[in-house]
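Notes for the one structure printed next.
Please treat every number below as a calculation from the coordinates, not as lab data. Note that the structure is a prediction, hence the values are computed from the model and not measured. Neighbour counts run over all protein chains shown; Cβ positions are idealised from the backbone, glycine included.
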Amino acid sequence: MGLKLASSFAMLAMVAGIAMPRTSHAAEVLLSGSGTFNPPKAEQLAALPADLPFSRSDLASGNWSFSVRYEDSAPNADTATPDVGRYAAAIRAVRLVIGATTLDLPVDQSAIIVSDGGGGIPNRESVRVEAKASTASGPLRLSWVQLNQQAKGTELRGPAGVLPGNALPPAATVANMTVANPFDRFLELRIDSPTGDARPVLYLSSSRLSVKAGPATAH
């Protein structure tokens, strides 16, 4: 009787163990990059509004860097769109430095967007890290963009491309995804006019960056 009871308890414990949800080991990743951009010309600097979040000397330096801290096990917030993953809850911190000025951007307006040939463009897959903020001179958007683009008609969805799907890829891919053209990997900053003018108040873009990613605890 005692042996049968012990066996029953053991079986129940094994079944319970199988039924219990398995927890994943989430880890925070630090994505960081630094490099240079072509500074605006003197006459362009002079014409910039005084309420920009960066000074004219910051922009004249031509130096910038960015960092994004995110959780690598965040769920996809866009399950309704095939081939596209939007990881809005992943971001823990976003920082942009231009010249001597540091700007921390709000995490609730930031996301990592993974497109495995989505958006009706099967010949292009991408990983984008985007952050937005409101500034006195207009809405600001910072993007780390990586586009793997092939000839029209090429199918990149699934294992045919660099990305096997719309899941959040490994940190090394978020930092340096394989692209067909090195200029398709770039950092972009745009501040749009608050009046709705199609021309941005400020636009900077550069592929001259060194970008890496690793455990946030190691930094």
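If you go through the range 127-143 and keep only what is farther than 18 Å from Gly85 by Cβ, in contact (Cβ under 8 Å) with a residue 60 or more places away in the chain and buried (at least 16 other Cβ atoms within 10 Å of the Cβ), you end up with Thr135, Ser137, Gly138, Leu140, Leu142. Looking across the range 166-192, the residues that are over 13 Å from the mean Cα position of the chain (by Cα), surrounded by 15 or more Cβ atoms within 10 Å (Cβ to Cβ) and in a loop (DSSP other than H, G, I, E, B) come down to Asn166, Val179, Asp192. Which residue is nearest to Arg185 (Cα to Cα), if the candidates are limited to the range 41-69 and must be touching a residue at least 60 places away in the same chain (Cβ under 8 Å) and touching a Lys or Arg at 6+ places or on another chain (Cβ under 9 Å)? Checking each candidate, the answer is Phe66. Just the residues that are closer than 26 Å to Gly62 by Cβ and touching a residue at least 12 places away in the same chain (Cβ under 8 Å), please, taken from the range 90-126. Once the filter is applied, which keeps residues that are closer than 26 Å to Gly62 by Cβ and touching a residue at least 12 places away in the same chain (Cβ under 8 Å), the range 90-126 yields Ala93, Val94, Arg95, Leu96, Val97, Ile98, Gly99, Ala100, Thr101, Leu103, Leu105, Ser110. So is Arg157 free of Cβ contacts under 8 Å to residues at least 60 places away in the same chain and either crowded, with 19+ Cβ neighbours inside 10 Å or in contact with a Leu (Cβ under 9 Å, 6 or more places away or on another chain) (or both) or not? Criteria not met by Arg157.
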